[in-house]
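Below is one structure, written out as structure tokens; comments come after it.
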Amino acid sequence: MQERNSIPAGAVLDKWSEDPWTNGVQVDRMEDMEKLVVQTRNSVYEITVIDGRSGEILVRGGEFFPELTPARLAGATLGGSFCKMRGIYTGFRMEFNADGERTVTSPVETIGVLSESER
């Protein structure tokens, strides 16, 4: 019997490059000081965009960020070598760099952009 390996569609370069990327946000297209609330499978993260172009943020949430922590959002990943730079997308993991450490979250389930009155 031949064994079949299951590969997520997002892990195939052709699918990755053809994806319309409509299920998330690009922090490099957001205004400075905009805030997001991101629910992953395991945690809730509060993210404040400091400089979207560079990915500079403040993040709080999950096991590794109990307090607001300066970090850089590398982007959305499936945990492999592909990374949608400065992006946060449902179904993908967020990858942060803070204090010289790389942190990868569980998969994103929902993304909320807070209105000015909620900030």
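The values are calculated or read from the model by the stated rules, or taken from the named source; none is laboratory data. Note that the structure is predicted; figures quoted are calculated from it, not measured. Here the Cβ is made from the backbone with ideal geometry for all residues, glycine too, and neighbour counts use every protein chain on show. The area values use the complete protein model at the heavy-atom level, side chains included, leaving out ligands, DNA and RNA. Shrake-Rupley method; radii C 1.70, N 1.55, O 1.52, S 1.80 Å.
Note on region 20-119: with neighbouring protein chains present and a 1.4 Å probe, carbon and sulfur make up 45 percent of its accessible heavy-atom surface. Figure note: MET85, MET30 ranked by solvent-accessible area, largest first, 1.4 Å probe, ligands and nucleic acids not counted: MET85, MET30. The listed peptides 44-53, 61-70, ordered by packing as a protection proxy, come out as 44-53, 61-70 (highest mean of other Cβ atoms within 10 Å first).
Computed extension length for GLU116-ARG60: 18.3 nm, one decimal, from 0.36 nm per residue of separation with the Cα-Cα distance subtracted.
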